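Single-structure report; data block below.
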Amino acid sequence: MEYRNNVTEFILLGFSQKRELEFLCFLLFLLCYIAILTGNLLIMISITWSPLINQPMYFFLSYLSLSDLCYTSTVTPKLIVDSLSTKKSISYTGCMTQLFTMHFFGGIEIFILTGMAYDRYVAICKPLHYTVIMSRQKCDIIIAASCVGGFLHSFGQFLLAVFLPYCGPNEIDHYFCDMYPLLKLACTDTSKIGFLVIANSGLMGTVIFVVLLISYAVILCTVRSYSAENRRKALSTCSSHITVVVLFFAPLLFIYIRPATTLPEDKVFALFYTIIAPMLNPLIYTLRNTEMKNAIKKLWGHIMGSKENRLKGFPAFHHTAS
């Protein structure tokens, strides 16, 4: 039997149908998005306008902040608007576009995190060859490969979703368009496609997560021979990255590594990698990082100094008594 796709829009059920809770969600997500924009833009500008941009770790961090911004912006603004909307609808084209862009920037973020782990591995395990291995050309290649990897991943997800027939109902029990909720609405057998989704998202995430764990296990073995002071310095550069990796990967694997089913908890876990992780990343990378703190202070000093110079440029007006 052939099915036709007669769905032109989807209804996003979101988190709650109660108006008082929806307004609370609006305020909460709005504040989170402002924090995401402020924190990640501050990281990007501080690194770009300082010598830190020449260090591979901060070069990758600036691109991680950019991917965080783009990634969360595919979901959060729509979520904020929907919190005050009676009808939380998204067009079929908008849904597929959101699915593609979200997995594209999410894939880029995963690969950049992998590149950052490789940078820490080389810095600690092969310090004498660090400048040769992690040249600017190598860093550019890693960023380009991250974009290609993100595109291939998201294009695969997009193809799986766009060729499915949707005959109705059209209510998505989520706050954004994702594969598992869409598979639930498809009016055809999606068991084989579900396995492909697991292979594309779950398996890819699991393999990368295991590689990251192995790299940090090697790092821990290496630093055992260091002095206490050098061991503390080496581990301090990795602790922030490990925190970000766990915060991003743990909920991601919970959702995508299991069979293609939707659970009520999925929406809460999805908050971690769509909103909470992009919001906390700037704090995690700056609170214990002296170089980032200094770069931000210099940027702030430059901004305030420029402001004072502009104010000095205004002519003084003197009141003369008649």
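The values are calculated or read from the model by the stated rules, or taken from the named source; none is laboratory data. In this text the structure is predicted, and so the values were computed from the model without any measurement. Because the Cβ atoms are built from the backbone with ideal geometry, glycine has one as well, and the counts that use them run over all protein chains shown. Accessible surface is based on the protein model in full, side chains and every heavy atom, while ligands, DNA and RNA are left aside. Shrake-Rupley method; radii C 1.70, N 1.55, O 1.52, S 1.80 Å.
Among the residues that make up the stretch 164-186, is at least one of them crowded, with 21+ Cβ neighbours inside 10 Å, in contact with a Gly (Cβ under 6 Å, 6 or more places away or on another chain) and of a type in the set (Ser, Thr, Tyr)? Among the residues of the stretch 164-186, at least one is crowded, with 21+ Cβ neighbours inside 10 Å, in contact with a Gly (Cβ under 6 Å, 6 or more places away or on another chain) and of a type in the set (Ser, Thr, Tyr), which makes the answer yes. Just to be sure before I move on: is ILE45 open to solvent by less than 50 Å² (accessible area, probe 1.4 Å) and either over 19 Å from the mean Cα position of the chain (by Cα) or not charged (D, E, K, R) (or both) in the structure I sent? Considered against the rule, which asks whether it is open to solvent by less than 50 Å² (accessible area, probe 1.4 Å) and either over 19 Å from the mean Cα position of the chain (by Cα) or not charged (D, E, K, R) (or both), ILE45 comes out as no. For the stretch 238-269, the set of residues classified as aliphatic (A, V, I, L, M) and more than 20 Å from the chain's Cα centre (by Cα) consists of ALA260, LEU263, listed by residue number. Got at least one residue in the stretch 80-97 being under 17 Å from the mean Cα position of the chain (by Cα) and in contact (Cβ under 8 Å) with a residue 60 or more places away in the chain? Scanning the stretch 80-97 turns up no residue that is under 17 Å from the mean Cα position of the chain (by Cα) and in contact (Cβ under 8 Å) with a residue 60 or more places away in the chain. Of all the listed residues (PHE248, PHE272), the sole one being surrounded by 21 or more Cβ atoms within 10 Å (Cβ to Cβ) and touching a Phe, Trp or Tyr at 6+ places or on another chain (Cβ under 9 Å) is PHE248.
Taken over the stretch 132-167, residues that are in contact with a Leu (Cβ under 7 Å, 6 or more places away or on another chain) and either part of a helix (DSSP H, G or I) or acidic (Asp, Glu) (or both) amount to 4. Only one entry in LEU213, LEU182, LEU235, LEU203 is within 26 Å of the chain's Cα centre (by Cα) and over 28 Å from ASP119 (Cβ atoms), namely LEU182.
The one condition from (1) closer than 21 Å to ASP173 by Cβ; (2) open to solvent by 20 Å² or more (accessible area, probe 1.4 Å); (3) in a helix (DSSP H, G or I); (4) in contact with a Ser or Thr (Cβ under 6 Å, 6 or more places away or on another chain) that ILE11 does not meet is (3).
Residues in the stretch 58-77 that are open to solvent by 40 Å² or more (accessible area, probe 1.4 Å) and of a type in the set (A, V, I, L, M): LEU66 only.
Looking only at residues of the stretch 182-202 that are in a helix (DSSP H, G or I) and without any contact (Cβ under 8 Å) to a residue 24 or more places away in the chain, we find that the one that is farthest from ALA123 (Cα to Cα) is LYS192.
Annotation note: Cβ proximity below 6 Å between a residue of the stretch 212-240 that is over 21 Å from ILE284 (Cα atoms) and a residue that is surrounded by 12 or more Cβ atoms within 10 Å (Cβ to Cβ) and small (Gly, Ala, Ser) (sequence gap 6+ or interchain) occurs for VAL223/ALA234.
Confirm whether THR114 is in contact (Cβ under 8 Å) with a residue 60 or more places away in the chain and assigned to a loop (DSSP other than H, G, I, E, B). Against the criterion (in contact (Cβ under 8 Å) with a residue 60 or more places away in the chain and assigned to a loop (DSSP other than H, G, I, E, B)), THR114 does not qualify.
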